[in-house]
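K.L.:
Sending over a structure as structure tokens; questions will come in a sec.
The values are calculated or read from the model by the stated rules, or taken from the named source; none is laboratory data. This one's a predicted model, so the numbers in the text were calculated from it and none came from an experiment. Virtual Cβ from ideal backbone geometry, glycine too; neighbours counted across all protein chains shown. Each accessible area value is taken on the protein alone, full model and side chains, heavy atoms only, with ligands, DNA and RNA left out. Shrake-Rupley method; radii C 1.70, N 1.55, O 1.52, S 1.80 Å.
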Amino acid sequence: MSDTGPFACRACGERAVEPVLSLGRLPLVNALVDPGAAEPDDRYPLDVVRCARCTLVQITETVAPETLFRSYSYFSSYSDTMLDHARRFAGAATEELELDGDSLVVEAASNDGYLLRFFVDRGVRVLGIEPARNVADAARAQGIETVSEFLDEPLARRVVSERGAADLVVANNVLAHVPDLRGFVGALATLAGERGRVVIEVPYLRDLVDRLEFDTIYHEHLSYFTVTSLQRVLEANGLGIERVERHPIHGGSLRVQASAGADTNGTVERFLAEEQSWGVDDPRRFAEFAGAVDALRSDVHELVAGLDASGATIAAYGAAAKGVVLANVCGLDATLVRFVADRNPEKQGKLLPGVRIPVATPETLARERPDYCLLFAWNLADEIVAQQAEYVHRGGRFVAPVPTPRVLAA
Ligand SMILES: [Zn+2]
């Protein structure tokens, strides 16, 4: 832990929290291992709790950002699905907010510029904020102006004093990573000022729970949001929610649009009411989830061990975070899974932490033709299966592990 006091809710400071689920001690998902590494991989507890006051679901362990992001090798631009999602968002936002050469779009955790480049293409001024230096360098190489710092209130004030408030502030898939959630949301509000819009995308806790997506729980994801918990932390920082949408990306996400002084509208009320009847405030909902996750963990292990015992060869696709969690939590190591294919050259040749499964190129799948290929990156299943048509054509079978482990039809 980076602080030694009793745990306090990241959104509201409440100390009363209820346990939801423990996944044991896991390695960091981005800490890929060099072959031949002698030291055991570092592990940290992965315990999920729920705030008794604001309902925010969160993990208790805060691994220092310097440790988490030391070997950060996630480049958004490697996924076609995410690029399409970003392109559509930039187009719609430019039209709706009538953005032009005088407008400013600021993105927190702008990664390699996967989104901002679509605004640049439309002549809109942009500023990326990306703390991972190597990733920020990749963005600058594409002509995306990027500040390589963590977003906090002083940085937000500096940006506004130098460039004015932003017309659009984007925070996609970053809120979950932020230890000081209150402070970060305050910085977003400062960037947007009185008139700017704040658009936030977060994975939706309801989808995680309903579809048993336990493999999206890892140390980089500190918080797991609903409209209920988001509304409370936004309101505490003077932001009202104007609109809520659900999107299929990342296994089910919320896109929330907020601005200073906005009134809660009908869509927001509908989400809040649905979440109440779903059980956002009910410990029984979460106890049922924990029981189902435990059953799924053993089902996945038994399916793979059974295929192995029958003499079949098994590989996997997707060395991303959820693959590392899935393999570790379900006890799938290199004796069961020969390799994991991945498009990212930064990962190829290394080993998944904890389970030490080697990462290979996608071409390895077609060449070695294992009998079964586990879809570790099940959120990109359609894309992967389409790219690997040759593997299936030659008799290979994909296996989807979540929410019900099953062999996919050819
Ligand atoms: Zn709270």
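K.L.:
For region 389-410, how many residues are under 23 Å from V29 (Cβ atoms) and either assigned to a helix (DSSP H, G or I) or open to solvent by less than 50 Å² (accessible area, probe 1.4 Å) (or both)?
P.N.:
6
K.L.:
Here is a list: A64, A109, A86, A139. Which entry is open to solvent by 10 Å² or more (accessible area, probe 1.4 Å), within 29 Å of A386 (Cβ to Cβ) and either touching a His at 6+ places or on another chain (Cβ under 8 Å) or more than 16 Å from the ligand (Cβ to nearest atom) (or both)?
P.N.:
Within the list A64, A109, A86, A139, the selection yields A109.
K.L.:
Looking at (1) outside any loop (DSSP other than H, G, I, E, B); (2) buried (at least 21 other Cβ atoms within 10 Å of the Cβ), which is the only condition Y114 fails?
P.N.:
(1)
K.L.:
Among V340, V329, V355, which is the only one that is closer than 12 Å to Y317 by Cα and not small (G, A, S)?
P.N.:
It is V340.
K.L.:
Cβ-Cβ below 8 Å, separation at least six or inter-chain, first residue in region 296-321 and basic (K, R), second crowded, with 19+ Cβ neighbours inside 10 Å: which pairs?
P.N.:
R297/F214; R297/V329; R297/C330
The rows are residues; the columns are (1) open to solvent by 10 Å² or more (accessible area, probe 1.4 Å); (2) among the aliphatic types (A, V, I, L, M); (3) within 16 Å of the ligand (Cβ to nearest atom); (4) under 19 Å from the mean Cα position of the chain (by Cα).
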position	(1), (2), (3), (4)
D215	no, no, no, yes
H219	no, no, no, yes
T228	no, no, yes, no
V233	no, yes, yes, no
E242	yes, no, no, no
H247	yes, no, no, yes
V256	no, yes, no, yes
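K.L.:
Here's another thing I want to ask about it. So which residues in region 153-186 are of a type in the set (A, V, I, L, M) and either touching a residue at least 60 places away in the same chain (Cβ under 8 Å) or open to solvent by 20 Å² or more (accessible area, probe 1.4 Å) (or both)?
P.N.:
V160, A165, A166, L168, V169, V170, A171, V174, V178, L181
K.L.:
Here is a follow-up. Would you check which residues across region 335-365 are touching a Leu at 6+ places or on another chain (Cβ under 8 Å) and assigned to a loop (DSSP other than H, G, I, E, B) and list them?
P.N.:
V337, K347, K350, L352, P353, G354, V355, I357
K.L.:
Right, here's the next one. E346 - would you say it is farther than 18 Å from I217 by Cβ and modelled with pLDDT under 95?
P.N.:
Against the criterion (farther than 18 Å from I217 by Cβ and modelled with pLDDT under 95), E346 qualifies.
K.L.:
Hey, can you tell me all the residues within region 7-22 that are in contact with a helix residue (DSSP H, G or I) (Cβ under 9 Å, 6 or more places away or on another chain), more than 8 Å from the ligand (Cβ to nearest atom) and not small (G, A, S)?
P.N.:
Across region 7-22, the qualifying residues are E18, P19, V20, L21.
K.L.:
I've got another one for you. Could you please let me know if V124 is within 14 Å of V105 (Cα to Cα) and either within 20 Å of the chain's Cα centre (by Cα) or touching a residue at least 40 places away in the same chain (Cβ under 8 Å) (or both)?
P.N.:
no
Residues checked against (1) acidic (D, E); (2) under 25 Å from the mean Cα position of the chain (by Cα); (3) modelled with pLDDT of 95 or more:
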position	(1), (2), (3)
D84	yes, yes, no
E95	yes, no, yes
S103	no, no, yes
P131	no, yes, no
N134	no, yes, no
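K.L.:
As an exercise: evaluate G101 against (1) closer than 23 Å to E194 by Cα; (2) in contact with a Phe, Trp or Tyr (Cβ under 6 Å, 6 or more places away or on another chain); (3) not charged (D, E, K, R) and give the number of the one condition it does not meet.
P.N.:
Only one criterion is unmet by G101, namely (2).
K.L.:
For region 17-53, what are the residues that are small (G, A, S) and either part of a strand (DSSP E or B) or open to solvent by less than 10 Å² (accessible area, probe 1.4 Å) (or both)?
P.N.:
Of everything in region 17-53, those that are small (G, A, S) and either part of a strand (DSSP E or B) or open to solvent by less than 10 Å² (accessible area, probe 1.4 Å) (or both) turn out to be S22, G24.
K.L.:
Which residues, taken from region 245-270, are in contact (Cβ under 8 Å) with a residue 24 or more places away in the chain, within 14 Å of D207 (Cβ to Cβ) and either part of a strand (DSSP E or B) or out of contact with any Pro (no Cβ under 6 Å at 6 or more places or on another chain) (or both)?
P.N.:
R246, H247, I249, G251, G252, S253, L254, R255
K.L.:
Restricting the search to region 290-319, which residues are open to solvent by 60 Å² or more (accessible area, probe 1.4 Å) and touching a Pro at 6+ places or on another chain (Cβ under 6 Å)?
P.N.:
D299, the sole residue that qualifies.
K.L.:
If T55 passes every condition in (1) at positive phi; (2) within 16 Å of the ligand (Cβ to nearest atom); (3) modelled with pLDDT under 95 but one, which one does it miss?
P.N.:
Checking T55 against (1) at positive phi; (2) within 16 Å of the ligand (Cβ to nearest atom); (3) modelled with pLDDT under 95, the one that fails is (3).
K.L.:
Please go through (1) open to solvent by less than 10 Å² (accessible area, probe 1.4 Å); (2) of a type in the set (F, W, Y); (3) touching a Ser or Thr at 6+ places or on another chain (Cβ under 7 Å) for F339 and return the number of the only condition it doesn't satisfy.
P.N.:
Status for F339: all satisfied but (1).
K.L.:
Out of curiosity, is A295 assigned to a loop (DSSP other than H, G, I, E, B), closer than 30 Å to P370 by Cβ and modelled with pLDDT of 95 or more?
P.N.:
no
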